[in-house]
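In what follows, a structure is listed as C-alpha cells, so that the remarks can point back to it.
Read-outs throughout are calculated quantities, based only on the coordinates presented, and are distinct from any laboratory measurement. Only a predicted model underlies this, so the values are computations on that prediction, with no experimental measurement involved. Please note: Cβ atoms are built from the backbone with ideal geometry, for glycine as well, and neighbour counts cover all protein chains shown.
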Amino acid sequence: MSTQNKERKVLVVTGASQGLGEGFVKAYRERGWRVVGNSRTIKPSNDPDYITIPGDVGDPAIARKVVETAINDFGRVDTLINNAGIWRPGPIEKISEELYRRVMATNLDSVFFASQVAVPAMKKQGSGHIIQVTTSLVEHALTTVPAVLASLSKGACVAATRGLAMELAPANIRVNAVSLGIIRTPLHEPDSLEGKKSFAPLNRYGEISDVVRAVLYLEDSDFVTGEISYIDGGRTAGH
C-alpha cells in the first residue's frame, strides 16, 4: 500500500445497506474517504475504495471483522459510525428473551466490540472519531410508545458516548452521538409518517440529509467531543 493511499481517511459504518447508513457512505465517499460498510445483507461493491462486509454485526466476530478489514485493507480507521440498530417497540411483558437478546446484540454489543477494535488503531494514528446513532426516546419516553428495549440499548450508548469521550480524550479520539426523532427511513412505514409529524415542534419529520449534515458537522468539529446532538425537530428542547 502506497503512503499516499495509507493517508487517505477511512470510514467504517454499520447498517450501511440502506437508509441512514447508505447516506453516510455516500457523503463520505463524496469527500474522497475510503469506506468499509456492513449490514446483514449488503451487495458486493464494484468500487475499490468501498468494501462491503455482509453479516450480523451483533455477532462480536463480525463486528471485529468489519473494523479489522478497514485496518488490514486500507491501513487505518479514522471514523467509526455505529449505525446498525433494531427498533422493536412493545410492552415489557410481551418481549421474548430471544427478541431481547437480538436487540441488545445489534444495538449494544456491536458498538462495544467494533469500538474495541477501532480504538487501538486510532491511538496508533494519533486521532480518531466514534459516532453513535441513538434516539431521543432515551431522554423523553412516551406513554404511547413502549420502548424499553430502545431505552436499555440506546441509553447505554448515550452513557458510553460521554464515558468514552473522557477516556479517549487524552489520545485525541473524539466520541459523539446523534440522537434522532422521526426520520424518513425504511424503519418507518411511509403511510405512518404523516401522523408522526406532531412528535416534533417543527411539525415535520426529518430527512436522511438532516442527519448526514449533523454527522458531517461533528466530523469537522475538532473541538467537539462527548456531544449528544439532537436531530429531532425540537422535541428534546420542548420537554
HN-Hα J in Hz across the range 26-34 - Karplus 6.51, -1.76, 1.60, θ = phi - 60°, x for Gly and Pro:
4, 5, 6, 5, 5, 7, x, 6, 8
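Quick one: net charge around ALA141, please, counting Lys, Arg +1 and Asp, Glu -1 for every other residue with C-beta under 13 Å from its C-beta. Numbers along the way, then the final one.
On the way: positive: LYS154, ARG235; negative: GLU139.
Overall, the nearby charge balance is +1.
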With a bin width of 5 angstrom, please list the P(r) values of the range 78-226 as percents of all Cα-Cα pairs, from the 0 bin to the one holding the largest distance.
2, 9, 18, 20, 20, 15, 10, 5, 2, 0
Along the positive direction of the dipole of the range 3-231 (beta-carbon charges: Lys, Arg +1; Asp, Glu -1; about the Cα centre), which of PRO170, GLY75, THR144 reaches farthest?
GLY75
Taking the alpha-carbon distance from LYS43 and a cut-off under 18 Å, which aspartates and glutamates remain once sequence neighbours fewer than 8 residues away in the same chain are dropped?
GLU22, ASP56
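Suppose every K and R has +1 on its Cβ and every D and E has -1 on its Cβ; what is the size of the dipole of the range 3-231 about the Cα centre, in Debye to the nearest 20?
Numbers: 26 positive and 25 negative charges, 53 e Å.
So the dipole magnitude of the range 3-231 works out to roughly 260 debye.
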Of ALA63, ALA84, ALA214, the most mobile residue in a GNM of the chain (C-alpha springs, cutoff 10 Å) is ALA214
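Excluding SER221 itself, calculate the net charge of residues whose Cβ lies under 10 Å from the Cβ of SER221, where each Lys or Arg counts +1 and each Asp or Glu counts -1. Don't skip to the end; give the middle numbers.
Values: positive: ARG174; negative: GLU219, ASP220, ASP222, GLU227.
In short, -3.
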